[in-house]
Amino acid sequence: MESIGVLMPYPTFPYLEHHLQSRFNLLRASTNYTTSIRAAVVNAVHGADANFIDALPMLEIVCIYGIGLDKIDLRKCAERGIRVTNTPDVITDETADVAMALIISLLRRLCQCDLYVRSGNWKRQGSFPLTTKFSGKTVGILGLGRIGKAVAKRAEAFNCKICYHSRTVKTECGSYKFYPSVVELASNCDILVVACSLTVETHYIINRDVMNALGPKGVLINVGRGKHVDEAELVSALIEGRLGGAGLDVFHDEPDVSQELFGLDNVVLLPHIGSATVETRTAMADLVLANLEAHFLAKPLVTPVL
Amino acid sequence: MEEEKEVEPPQQPNHHNQDLPQVLVLGSPTCLQTLKQLYSHKFRFLIPNTSLHSLSAPLSSISVVICSASFPLTASVIGLLPSLRLVVTTSAGTDHIDLNECRCRGIQIAGAGKFFSDEVADMAVGLLIDVMRKVSAADRFVRTSCESATWSFPLGYKVSGKRIGIVGLGSIGMEVAKRLECFGCNILYHSKHKKSTVPYPFYNNVLDLAATSNALVLCCALNEETRHMVNREVMLALGKEGFIVNVGRGGLIDEKQLVKCLMDGEIGGAALDVFEDEPNVPKELLSMDNVVLTPHCAAFTTECIIKLCEVVARNIEAFLSDMPLITQVNIG
């Protein structure tokens with residue numbers, strides 16, 4: 001397969017690049033080689049839009065090194081008969097772990113505690129102020145897919161009550177209370193975790209009404225996509241005290257983050273590290289390689305989306 | 001007092017302050033403010049300004065002491081209190097109290113019992129994820145990163161599914177285990193004695209536990225056997241991708257060796273809520289990105305403080321009524 005052109009327009013992971021290089025003809029820019037490119041390995045952040053796909057007439061398969069599909073022009077791919085794969089499941093646990101880290105860091109103010117010690121304030125000012133207990137709180141999950149369920153399972157171990165809103169009621173999760181709207185979910189939980197996929201319907205699903213419903217003692221955790229949250233509204237809700245706090249792994253326009261958030265004490269801000277572990281990146285890379293091999297050997301794809 | 005039986009105005013809780021049972025408070029416990037707010041109508045709290053001798057009340061009249069974890073209740077201090085009968089500590093640990101001296105004097109001890117377990121377990125798990133996934137380092141990175149096209153932040157290590165060695169499987173250790181099980185972690189433990197009722201594999205020494213674990217979570221008490229139990233050998237066994245979380249006592253770890261191992265990259269990282277000489281923290285740690293440092297606050301939430309004050313008050317009331325203590329510490 002060494003002659004098959006595989007385009008990787010953005011760097012991914014050295015392990016993946018190394019293997020792609022040894023097994024295929026890895027190209028990092030498409031300009032002169034458009035007719036030999038039969039596969040593209042893209043990440044979920046940059047995706048593959050119509051222009052990208054149109055520029056590659058021989059493209060047969062797009063392998064997403066990631067899970068999000070919101071930046072892939074799936075309709076175009078379907079029209080052209082281009083297969084699409086992603087890397088689900090391998091990032092489920094990691095992302096759920098980060099959601100839990102955001103909750104505990106936010107409620108127990110771990111980042112501020114750490115700064116308190118590093119700055120010498122523990123010596124100068126004595127005990128750190130009291131923080132908020134996590135165990136026993138009510139966790140509301142928006143989107144009870146793989147990641148949502150993984151968050152629920154972890155939160156239950158902290159004696160939390162679980163409630164959720166999803167497109168459909170999940171009968172297999174009978175012990176979790178379903179709310180038919182996001183506002184009702186927000187009104188009835190202490191911690192709202194966004195774990196759904198980004199679609200036209202879920203764009204800005206966390207709006208002013210939801211934030212007001214969550215309230216001055218409620219906190220928002222986002223491990224979905226930045227565009228799930230109306231970020232400008234979020235900033236004003238936090239500054240005005242209408243929302244108690246926010247733990248964010250994703251933002252509207254990464255890596256740009258609303259500057260006003262930097263001055264706030266009741267936020268935790270992470271640079272989209274939901275799947276950023278050595279183990280997961282390796283597993284994601286292995287899935288990409290497995291899907292590529294399967295396609296070019298005319299075998300069933302491992303994790304097809306299309 | 002018996003001569004004039006006037007009707008007392010109900011809004012003066014301190015009217016008979018002088019008659020209330022005296023309670024000497026040592027070590028500025030975090031719950032002191034709340035304790036005074038809630039219970040000044042039941043107890044007269046005596047708080048020394050500087051030394052014990054600065055107290056207005058005679059030391060010989062003190063029978064009840066509330067003591068925080070930061071106050072060493074040594075034999076010589078106990079010697080200054082000839083009438084001391086009850087010590088209520090606001091911590092779960094008793095390593096700051098001379099238990100031998102108390103035993104000899106017949107002094108009862110009440111601890112904070114298992115009231116902290118949830119809070120401390122929550123913090124232990126938060127610290128573990130933080131140090132393995134570099135959460136607080138990542139937050140600092142976002143707040144200070146310059147404008148660029150993409151974020152470039154180092155990868156962390158997965159927590160779910162890892163082998164976690166818990167040192168000390170008391171109520172806090174069990175709560176940590178219960179939480180991490182739901183992260184798909186394999187729980188292993190070392191404790192003074194094997195617990196026949198738990199399903200987790202037991203290791204009879206910390207070295208073997210460290211050799212087979214991805215992370216150690218220290219939840220045990222500090223005493224002569226456990227002092228510096230996490231030494232250089234244990235840290236080398238844990239390895240370059242191994243992590244330590246300490247919510248027990250600073251003295252469980254050889255702190256000098258910890259610093260050296262961290263500086264030499266012999267262990268992956270450490271998350272510490274406790275230190276050998278609080279509030280002093282080895283300066284080398286203050287600039288490391290693979291450590292998380294918190295100011296001994298794993299137990300302290302607003303919810304917990306109120307409960308703690310209740311436990312303290314109920315123990316004192318039980319003592320004064322000659323009833324069994326609520327959270328008696330068995331000192332043999």
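The values are calculated or read from the model by the stated rules, or taken from the named source; none is laboratory data. In this text the structure is predicted, and so the values were computed from the model without any measurement. When we count neighbours, we look across all protein chains shown, and the Cβ atoms used for this are built from the backbone with ideal geometry, even at glycine. Surface areas here come from the heavy atoms of the whole protein model, side chains and all, with no ligands, DNA or RNA. Shrake-Rupley method; radii C 1.70, N 1.55, O 1.52, S 1.80 Å.
Observations, loosely collected:
- Lone qualifier among B:PHE153, B:PHE115, B:PHE141, B:PHE71 - being more than 8 Å from chain A (Cβ to nearest Cβ), more than 30 Å from B:ASN231 (Cβ to Cβ) and among the aromatic types (Phe, Trp, Tyr): B:PHE115
- Inter-residue pairs, beta-carbon under 6 Å, first more than 19 Å from B:ARG163 (Cβ to Cβ) and in the range B:240-262, second open to solvent by 10 Å² or more (accessible area, probe 1.4 Å) and of a type in the set (Lys, Arg), 6+ apart: B:GLY251/B:ARG227; B:GLN257/B:ARG232
Per-residue answers, yes or no, for (1) under 25 Å from B:ASP122 (Cβ atoms); (2) in contact with a Gly (Cβ under 6 Å, 6 or more places away or on another chain); (3) surrounded by 21 or more Cβ atoms within 10 Å (Cβ to Cβ):
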residue: B:GLY248; (1), (2), (3): yes, no, yes
residue: B:GLY251; (1), (2), (3): yes, no, no
residue: B:LYS256; (1), (2), (3): no, no, no
residue: B:MET263; (1), (2), (3): no, no, no
residue: B:VAL274; (1), (2), (3): yes, yes, yes
residue: B:GLU278; (1), (2), (3): yes, no, no
residue: B:SER287; (1), (2), (3): no, no, no
residue: B:LEU293; (1), (2), (3): yes, no, yes
residue: B:ALA298; (1), (2), (3): yes, no, yes
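- Sub-6 Å Cβ pairs linking a first residue in the range B:302-328 that is under 18 Å from B:SER68 (Cα atoms) and within 14 Å of another protein chain (Cβ to nearest Cβ) to a second residue that is open to solvent by 10 Å² or more (accessible area, probe 1.4 Å) and β-branched (Val, Ile, Thr), at least 6 apart or interchain, are B:ILE305/B:THR34; B:CYS309/B:THR34, ordered by first then second residue.
- Scanning the range A:127-143 for residues that are more than 8 Å from chain B (Cβ to nearest Cβ) and either under 24 Å from the mean Cα position of the chain (by Cα) or open to solvent by less than 40 Å² (accessible area, probe 1.4 Å) (or both) yields a count of 7.
Rundown of residues vs (1) within 24 Å of B:GLU119 (Cα to Cα); (2) open to solvent by 40 Å² or more (accessible area, probe 1.4 Å), yes/no style:
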site: B:ILE166; (1), (2): yes, no
site: B:ILE172; (1), (2): yes, no
site: B:ALA177; (1), (2): yes, no
site: B:GLU181; (1), (2): yes, yes
site: B:PHE202; (1), (2): no, yes
site: B:ASN205; (1), (2): no, yes
site: B:LEU216; (1), (2): yes, no
site: B:CYS219; (1), (2): yes, no
site: B:THR226; (1), (2): yes, no
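- For the range B:158-208, filtering for residues that are within 14 Å of chain A (Cβ to nearest Cβ), outside any strand (DSSP E or B) and among the β-branched types (Val, Ile, Thr) leaves 3.
- Residue among A:ALA96, A:ALA78 that is out of contact with any Asp or Glu (no Cβ under 9 Å at 6 or more places or on another chain), part of a helix (DSSP H, G or I) and within 27 Å of A:ILE162 (Cβ to Cβ): A:ALA96
- Per the conditions (1) facing chain A (nearest Cβ under 10 Å); (2) surrounded by 18 or more Cβ atoms within 10 Å (Cβ to Cβ); (3) not in a helix (DSSP H, G or I), the sole criterion not satisfied by B:ILE109 is (1).
- The residues of the range A:48-75 that are part of a loop (DSSP other than H, G, I, E, B), of a type outside the set (A, V, I, L, M) and over 25 Å from A:THR202 (Cα atoms), listed by number, are A:PRO57, A:GLU60.
- Helices (runs of 4 or more DSSP H) lying entirely in the range B:214-332 (those with 2 or more residues that are closer than 30 Å to B:VAL25 by Cβ and in contact with a Phe, Trp or Tyr (Cβ under 8 Å, 6 or more places away or on another chain)): B:302-320
- Some residue of the range A:201-212 being open to solvent by 40 Å² or more (accessible area, probe 1.4 Å) and closer than 26 Å to B:ALA298 by Cβ: no
- Condition check for B:PHE115 on (1) under 22 Å from A:HIS272 (Cβ atoms); (2) open to solvent by 40 Å² or more (accessible area, probe 1.4 Å): one failure, at (1).
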